[in-house]
1. If we scan region 243-260, do we find a residue that is closer than 30 Å to ALA388 by Cα, in contact with a Ser or Thr (Cβ under 7 Å, 6 or more places away or on another chain) and in contact (Cβ under 8 Å) with a residue 60 or more places away in the chain?
2. Report yes if some residue within region 242-250 is touching a helix residue (DSSP H, G or I) at 6+ places or on another chain (Cβ under 8 Å) and in a loop (DSSP other than H, G, I, E, B); otherwise report no.
3. So, of the residues in region 340-395 that are surrounded by 13 or more Cβ atoms within 10 Å (Cβ to Cβ) and polar (S, T, N, Q), which turns out to be modelled with the lowest pLDDT?
4. So, LEU262, is that one surrounded by 16 or more Cβ atoms within 10 Å (Cβ to Cβ), of a type in the set (A, V, I, L, M, F, W, C) and farther than 30 Å from PHE162 by Cβ or not?
5. Could you tell me how many of the residues in region 38-58 are in contact with a Ser or Thr (Cβ under 8 Å, 6 or more places away or on another chain) and either of a type in the set (D, E, K, R) or not in a helix (DSSP H, G or I) (or both)?
6. On the given criteria, is PHE360 closer than 30 Å to VAL61 by Cβ, touching a Pro at 6+ places or on another chain (Cβ under 8 Å) and not aliphatic (A, V, I, L, M)?
Amino acid sequence: MKSHERQSTLDTSMARVDSEICRDVTGSKDPTSRSTAIDLLRGLVMVFMTLDHTRDFFSEVAFDPLDLSQTTPAIFLTRCVTHFCAPIFVFLAGAGAYFYGAGGRTKRGLATFLVSRGLWLVLLEVTLVHLGWFFEFHYDFVIAQVIWAIGWSMVLLAGIAFLPTWAVALIGAVLVLGHNALDALAPPTRSAPLWMVISQLRIGFLLGGEGARASLFVAYPVLPWLGIMALGYGFGSIWRTANRRSIAAGLGVAAIALFVTLRWSGWYGNPEVWTRHSEGWATALAFLDCSKYPPSLLYILMTLGPALLALAAFDRPPGWVGRVIVTFGRVPLFFYLLHVPVIHLAAMGVAYWQYGRVSFLLTHPLLGRAAYPSDFGYGLPGVFLATAVVLLLLYPVCSWYGKYKRAHPSIWLSLL
């Protein structure tokens, strides 16, 4: 076999391996360190996500954890660390889309996958995810969260994936860098609902209002999250190179440096500038308090910068703790659909043990918090303990499902 033919065969084989990195949102079956690093990073933020959602149901804190007039450093940081979850999920979903397309598939095949996968995720958001949070199928109030954002971003990414990879990354950079330039614009009244879905300058309700039957709370607008996914798509091509680790580290340092520069100057990148407080800890936390709804440029830089550094650091065989976390990272959608109802059921079990009733937990904690008994909930040690219990319950199930899925590949299992 000629050398160029051998190289072509090798490239095709590697592309097929890389294409498996995002089987379920960004699931992996690639045994190399490249996908293991991605699985480890994703698994780690899934642990953070579980902490955040356990806090929603179990915490005794009724105020906003980021409210510096009421919070403590520990409560603030427990909430702040979970800000890494959504950007990393969406960024890695973009990288996974690139890997899928690099597996010898046509652009049309990639676009078909992205549209079908994206619409499936949107459907899951308003059915199984909604059920896990509310424990009811009443649609008078629906929250559009990260699965919604990933789904619609995939649908839109399908339209630009026909472009060269560098062009997709450029579009992502423009969306991420330029989104905050729209902050000063007021949406036209007649198109305000659509504007909320696309850009959402402020949190609001779609289809809501007096006399409305249903309200959609758009927590994750499409435009900035599409930018993050498109950047991830471009990064996918970098992660297949031999010097991926140094490039990822360099990009991470650059993102953190740009965050510090822009945040310190207060010139651009966040709807609100940071302010100094009499207490030094409050000033430091104010510096980190960037807008997530919608995600500002500074929020994105603050989260993806360290994520890129972590990805570079994880690009090696993990230890036993890392292998446990990788187990979660390899079945992300399965984990996501399972963890909220498990947390919800656990909270109901505690409530029944304490009060003999669970009715106040038969809704989303965002809506039901005011009806909680005054003595329900725990401090941070209790929240951390409950999180550990949830993860211990989920680990054997996720481990079994990951092994079963690898041993029995099918189109149905690929949906989870």
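The values are calculated or read from the model by the stated rules, or taken from the named source; none is laboratory data. Being a predicted model, the structure only gives us computed values, none of them experimental. Every residue, glycine as well, gets a Cβ built from its backbone with ideal geometry; the counts of neighbours run over all protein chains shown.
1. no
2. no
3. THR363
4. So LEU262 passes the test.
5. The number of residues fulfilling the criteria is 4.
6. Spelling it out, PHE360 is indeed closer than 30 Å to VAL61 by Cβ, touching a Pro at 6+ places or on another chain (Cβ under 8 Å) and not aliphatic (A, V, I, L, M).
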